[in-house]
1. Can you tell me which residue among A106, A101, A126 is within 11 Å of the ligand (Cβ to nearest atom), surrounded by fewer than 22 Cβ atoms within 10 Å (Cβ to Cβ) and assigned to a helix (DSSP H, G or I)?
2. Based on what the data block shows, is A150 out of contact with any Asp or Glu (no Cβ under 8 Å at 6 or more places or on another chain), within 11 Å of the ligand (Cβ to nearest atom) and over 27 Å from A43 (Cα atoms)?
3. Considering only the range 37-61, state which residues are touching a residue at least 40 places away in the same chain (Cβ under 8 Å) and within 15 Å of the ligand (Cβ to nearest atom).
4. Has the range 219-236 got any residue that is farther than 21 Å from F91 by Cβ and under 17 Å from the mean Cα position of the chain (by Cα)?
5. Among residues belonging to the range 109-123 that are assigned to a helix (DSSP H, G or I) and touching a residue at least 24 places away in the same chain (Cβ under 8 Å), point out the one that is farthest from the chain's Cα centre (by Cα).
6. Report yes if E157 is farther than 27 Å from S70 by Cβ, modelled with pLDDT of 95 or more and under 17 Å from the mean Cα position of the chain (by Cα), otherwise no.
7. Looking only at the range 72-94, count how many residues are of a type in the set (V, I, T) and either free of Cβ contacts under 8 Å to residues at least 12 places away in the same chain or assigned to a helix (DSSP H, G or I) (or both).
Amino acid sequence: MILPTLRTGAEELGLRLSEEQFGQFEKYFHLLVEWNGRFNLTAVTDYTGVQTTHFLDSLSLVKSGIDFESLKVIDIGAGAGFPGLPLKVAFPAIKLILLEATGKKAVFLKETAAALGLEGVTVLNARAEDAARQPDYRERIDLAVSRAVASLDTLCELCLPFCRVGATFIAMKKGEIASEIEYAKAAIETLGGRLYEVKEISLAGLPDPRQLVIIEKIKRTPPEYPRRSGIPAKNPLR
Ligand SMILES: C[S@@+](CC[C@H](N)C(=O)[O-])C[C@H]1O[C@@H](n2cnc3c(N)ncnc32)[C@H](O)[C@@H]1O
């Protein structure tokens, strides 16, 4: 049987995946390992590790309680596709934008989405600071997600400008985040957000607890944000 760890974890998350979907995850695993031999995509390439650290961790977004069906979702700093691609495999009706600044990773994302037969996936090879100024993307998104890209204050400036008022932004974090949240309070408010909830996630397969930091967009983002490329990380809003 393929992907035993993912099967158990998905069940624990309340997800009922078909054999076709498990087949897509299996293919994704093989593409990840193959491309990783050419350039560095991830440090985790063992069969169980990918199922837990990448696939299940990405799917733990369901613990947010959001109904993903047919949402327009953007994954900011998608890297090798996490969490966006596993979410798309599990919820094929979402419209997914994978935003990734590094050209080679963007090529991997495009080829992988095609190889898995996924429709409704757009790969954007750009920096968030630039893409968020494009009318097609600014305040047009229902759900922004991001894992392992920046500290929460910086991340808010990269992600909240994409969210329409009423949309949700989820930052996937691990470890101690109380001070990170404290530092991000000003950024959340300035950019039109409101901290809704911090949800602790612990899954049997995951080595350490994670948090979903859930932020609602309650007001429009002022037009001066995001600032130009690199500034949100160099000089976070405080
Ligand atoms: C550590 S990787 C994490 C990748 C993936 N989210 C994951 O959890 O496996 C961070 C990724 O974010 C991308 N990135 C960082 N800053 C960015 C920005 N301002 N706009 C777009 N992508 C960015 C990097 O190129 C890199 O691929």
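1. Just one listed residue meets the conditions, A106.
2. Working: out of contact with any Asp or Glu (no Cβ under 8 Å at 6 or more places or on another chain): yes; within 11 Å of the ligand (Cβ to nearest atom): yes; over 27 Å from A43 (Cα atoms): no.
So A150 does not fit the description; no.
3. If the condition is that a residue be touching a residue at least 40 places away in the same chain (Cβ under 8 Å) and within 15 Å of the ligand (Cβ to nearest atom), then F39, L41, Q51, T52, T53, F55, L56, D57, S58, L59, S60, L61 are the ones that fit.
4. The first filter runs over the range 219-236 and keeps only residues farther than 21 Å from F91 by Cβ, leaving 219-236.
If we keep only those that are under 17 Å from the mean Cα position of the chain (by Cα) too, we end up with none.
Checked the range 219-236: no residue is farther than 21 Å from F91 by Cβ and under 17 Å from the mean Cα position of the chain (by Cα).
5. Here the answer is A115.
6. So E157 fits the description; yes.
7. Adding up the residues that qualify gives 1.
Each row is one residue, and each column tells you yes or no for (1) exposed (fewer than 15 other Cβ atoms within 10 Å of the Cβ); (2) under 30 Å from Q51 (Cβ atoms).
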{"position": "C159", "(1), (2)": "no, yes"}
{"position": "A171", "(1), (2)": "no, yes"}
{"position": "K174", "(1), (2)": "no, yes"}
{"position": "E182", "(1), (2)": "yes, no"}
{"position": "L191", "(1), (2)": "no, no"}
{"position": "E224", "(1), (2)": "yes, no"}
{"position": "R228", "(1), (2)": "yes, no"}
{"position": "N235", "(1), (2)": "yes, no"}
{"position": "R238", "(1), (2)": "yes, no"}
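The values are calculated or read from the model by the stated rules, or taken from the named source; none is laboratory data. Quantities reported herein were computed from a predicted structural model and do not represent experimental measurements. Backbone-built Cβ (ideal geometry, glycine too); neighbour counts: all protein chains shown.
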